[in-house]
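The values are calculated or read from the model by the stated rules, or taken from the named source; none is laboratory data. Just so you know, these numbers come straight off a predicted model, no measurement behind them. Cβ placement follows ideal geometry from the backbone for every residue including glycine, while neighbour counts extend to all protein chains displayed. All accessible areas refer to the heavy atoms of the entire protein, side chains included, with ligands and DNA or RNA removed. Shrake-Rupley method; radii C 1.70, N 1.55, O 1.52, S 1.80 Å.
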Amino acid sequence: MTGIDLISVDQAFAWRPWAVAYFLVIGAAVAAALAAEALRLLRGPAAARPALRVAAVLALSAPLPLLADLHQPARFLNFYLGAAPRSVMWWGAWLLPAFVATTLMATVADALGRWAGPARLLRLGMVASGLGVLAYTAGETAIVAARPLWHNAGFPVVLTLTALASGVGAVLIAGAADRAAARLLRMALAGSAGAGLVALGLWLLADPDMARLALSEMPVAVLGHVAGLGLALPALLALFGRGAVSARLAGAAAVWGALAFRWALFTGAQAQSRVETATYLPPALTDPATLQSVTGTAGMIALAAVLVAVLDLYLAPALRRGPQAGPRAGKA
């Protein structure tokens with residue numbers, strides 16, 4: 001028999017740390033928006049307000065890591081120059097702006113206490129486009145046939161469930177409006193994290209080849225970290241913990257678990273050359289590209305939080321007082 005040796009050349013990862021940040025932030029934003037609407041239906045607008053604010057902050061932050069990951073942000077405009085309904089990313093190019101816009105406008109309407117009729121349509125658009133974003137982010141990874149660890153039915157399910165857990169966790173970190181809302185959020189976190197743990201186990205154990213592939217590209221320590229600290233721990237804390245501290249710890253563990261899962265899968269699955277002749281080292285946590293994506297995304301989230309706080313604490317009250325201030329000033 002004759003063996004044929006192929007020579008690989010060094011190449012940069014196509015999915016870099018900016019992609020990890022984008023998938024984390026946008027998934028958590030959609031989950032927070034869904035939690036806000038669920039709380040509105042079950043407990044009223046006041047209970048939904050913190051979750052809606054978290055959704056607005058994360059939705060406003062999501063475009064930065066996405067545009068940075070494209071390397072040439074002008075490429076985003078190409079999606080609008082023609083129709084490509086068979087492309088998952090083409091649908092995402094329409095769904096993402098729709099979700100960001102409706103979430104921000106719903107937040108403004110809630111802060112002002114106006115536009116009751118249009119606000120319902122905005123929230124409906126937020127939920128519909130958010131579900132579409134979850135579908136497109138799962139779909140654009142599952143269609144990559146060159147990465148078997150992504151190209152299967154299990155990975156997008158776990159990706160979606162960890163996104164839901166991270167979004168509810170982010171709302172718990174910010175703080176619920178009351179005890180009843182916190183209890184509902186704990187139940188949602190326990191359900192999504194528990195379902196994610198079961199889905200992760202089924203995904204890896206149902207197919208021995210997939211399990212071997214996962215262990216080769218995602219070490220046991222990382223897999224145990226995601227399953228234990230990122231899914232099992234927040235589920236247990238949400239179920240059996242008491243008080244705001246345990247709720248915030250559960251939320252932080254869920255966010256960390258979602259980040260660890262995306263980091264391990266998006267970088268580990270690219271460690272093997274497509275021609276199977278070389279193994280690349282994934283970017284380290286101290287790599288300049290990693291630090292840039294982490295600091296850039298964290299800075300954008302902080303800036304978005306400031307903007308939403310200014311709207312909520314200063315601009316909205318001033319606008320609500322605006323129509324009454326004029327006549328009183330004139331009489332004086």
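Miscellaneous remarks
- Across all C-alpha atoms in the range 161-266, the radius of gyration and Dmax reach 14.1, 47 Å.
- Using the Karplus relation 6.51 cos²θ - 1.76 cosθ + 1.60 with θ = phi - 60°, the per-residue 3J(HN,Hα) values for the range 153-168 come to 7, x, 4, x, 5, 5, 4, 5, 5, 5, 5, 4, 5, 5, x, 5 Hz, with x marking Gly and Pro.
- Sorting ARG123, ARG212, ARG86 on solvent-accessible area from highest to lowest, probe radius 1.4 Å, gives ARG86, ARG212, ARG123.
- Each label was represented as a point 7 Å from its Cα along the Cα-to-Cβ direction; for LEU315 and HIS71 these points are 3.6 nm apart.
- Length-normalised contact order for the range 89-159 - Cα pairs under 8 Å, 6+ apart - percent: 31 percent
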